Each structure stands twice: as structure tokens, then as C-alpha cells.
Amino acid sequence: MRDFIEEQFFRLAASGLVPRRLFRPKLPDSPPPAGDLLDLEIVSHCWKYGRLLNYQLSSLVLHPPRNCRVTMTVFHCPEDADTGHILDYFAGQRVTNVIWNWQPLEKERLFRRAIGRNQAALATRADWIWFTDCDVTFQVGALDELAVELREHDAILTFPQIHQVSEMLQPDDPIFTHAEQAPAILDLDLSRFEPERREKAVGGLQILRGDVARAVGYCANIGVYQRPAKRFGNTWEDRTYRWLLGTHGEPLSTASFYRIRHARKGRKGSDFRVRPRD
């Protein structure tokens, strides 16, 4: 009940009913200059979404960045063995300008997504950190185009305004049945995706300046979003976070990000299994 009351309070606060100055952290004035290669950290959470994570990590292997250095951080729970098999497989893939960073969490801490995001934000050394979901993939040139745009931005929060989405896929769709074999490098049929437009940084489309992340974390001082949860629930923290930062984010034109829409939700349980490689 305590968590419910607090979450409702901050949902109302984010609607403008509470002065932001009571909670807003102090933000850095201007970003430090990036090096020759822009550093980007991408942060995902995975609980019984291995069939999606396989495509996300595959996209980095198939389309490695040239204009930036990517740290791919995945928060996961050791109890989710299927995700573990996939992470073990990709840990053996050597990819130019990509660093794999697997972060185990207890199940209840994983279920509160803001906990992992806050941990990553405070620890990041990157110029920018992207809080995403494991249903997002990075296609040809996407990260290089993103790096060019981010170098031109001093906004604290950005997001891809246009990204490509699939239709709502059922569990027996070939995209998923292919991923239910042993972990492998898998590509997507991009003809099945259509553009979608966003007007604010939401969900898995939040790209935060690194110095801001290190200074304020991710809802670091909002108690309800830093306490473990018994299950994955609806995630309202991105709305609260935009309110704390005082911005909906600045749009980016890069459009080569593809999101797999899926009917079967990992947080509601799954009979999905991945066979470990011999």
C-alpha cells in the first residue's frame, strides 16, 4: 500500500500539481567535451525476454558502430536461465567498439527497473547513456548517425523521434521461433516494420547526457522507485524522471532503430526456453 500511495503521489506531481523545485536535483551546467570516439552506454533489462534480447545483441554484432564506442549493459537475474544462456553466448563474441557489461540483480531489484537504471547512471563513464528496452535493435548506421547528432547536442535528454515498429507479433511468429533455438546471431526482416513517431522521451527511448546521469542518477531520491518489487508492473518512473529534469527531451532525426512489438509479456510469465549451446 505504501508503494501504491507514493507512486500515485508522484504521478500527480508529474502532472504539475506539485512544485518541481521541491524535488528537482541540481543539474550540471554544460557537458564536458567528448573524445575522438563518443562513448555511449546502452542499458537494458531482461526478465524472460531472451527471444528479444537475442535480436538486440545480434544487431550490435551485425552492425557494429564506427563513430562511437558502445558499452552494452544488461541487467538480468541468474534465476532466468534462458537469458543467462544468451548472455554467455554473446560474451564470447568480439565486436569492434562494443563492450559487453552483464549486471546480475536479485529478481525483486530487477523488477523495479529504476533501480538498475539508477545504478548504471551513477556509475557510467559514457558521454551519453541510453535507457532502453531489450525489444529495441540497432540497424545499419543507426549508432553512427546517433553519435553524429549527439555531438551537436547540449540538451540533457534526447530521444529518437522516429523509430520503426513491427505489428503485434504472436508467440508462434517466425521471428520468435527462430530465437527459440540455441543462441545465435539473428537478423530481422525489416520489411515487417513501419515508422512510428514519438513526441517525448518515453520508456526505452531515453538518451541522457552522461554528466547529468552521474550527477542525479535515475529517480535516485524517489523512494518508491528505489525499493524492490515483487513483480514487474507498469513503469511510471520515466514520466516522473522527465518532470524532475524539467524536459520532455529534444528529438533526434536518426530513424534506424527497430522495436519488436510482442503479445506475450515476460513479466506475466512465459514458457519460452532457449537451449544452451554445447
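The values are calculated or read from the model by the stated rules, or taken from the named source; none is laboratory data. This is a predicted model, so every value here is computed, not measured. Note: ideal-geometry Cβ built from the backbone for every residue, glycine included; neighbour counts use all protein chains shown. SASA here: full protein model, heavy atoms, side chains in, ligands and nucleic acids out. Shrake-Rupley method; radii C 1.70, N 1.55, O 1.52, S 1.80 Å.
Taking every protein chain into account, the accessible area of the chain amounts to 46 square angstrom per residue (probe 1.4 Å). Stretching Ile99 away from Asp189 to a fully extended chain increases their span by 29.8 nm, per 0.36 nm per residue minus the current alpha-carbon distance. Figure the gain on full extension for Ser253 and Asp36 (residue separation times 0.36 nm, minus the Cα-Cα span) and round it to one decimal in nm. Computed gain between Ser253 and Asp36 is 75.9 nm.
The distance from the alpha carbon centre of segment 77-124 to that of segment 185-219 is 17 Å, rounded to a whole number. Pairs of Lys residues in the chain that lie 8 or more places apart, or on two chains, and have C-alpha atoms under 21 angstrom apart add up to 9.
Springs between Cα atoms under 10 Å define the GNM used for the chain, and in it the highest mean-square fluctuation of Phe159, Phe111, Phe176 occurs at Phe176.
Under the simplified labelling scheme, the Asp154-Ala123 pair shows an inter-label distance of 3.2 nm, with each label point 7 Å from Cα along Cα→Cβ. What the phi angles of segment 38-44 give under the Karplus curve with 6.51, -1.76 and 1.60, with θ = phi - 60°, is a coupling list of 5, 9, 10, 9, 10, 10, 10 Hz, glycine and proline written as x. By its C-alpha gyration tensor, with a ≥ b ≥ c as the square roots of the eigenvalues, how is the chain shaped: rounded for a/c under 1.5, else prolate for a/b larger than b/c, else oblate? Oblate, because a/c is 1.5 or more while a/b does not exceed b/c.
For Gln119, neighbours were defined as the other residues whose beta-carbon sits under 13 Å from its Cβ, and their charges (Lys and Arg +1, Asp and Glu -1) total +3.
Counting Lys and Arg as +1 and Asp and Glu as -1 over every other residue whose Cβ lies under 12 Å from the Cβ of Ser166, the net charge comes to -3.
Report the net charge of residues surrounding Leu52, where surrounding means a beta-carbon distance below 9 angstrom and charges are Lys +1, Arg +1, Asp -1, Glu -1. Overall, the nearby charge balance is -1.
A Förster distance of 22 Å, applied to the separation of the beta-carbon atoms of Met168 and Lys230, puts the FRET efficiency at 0.20.
Taking every alpha-carbon pair under 8 Å whose residues sit at least 6 apart, segment 1-130 reaches a relative contact order of 29 percent.
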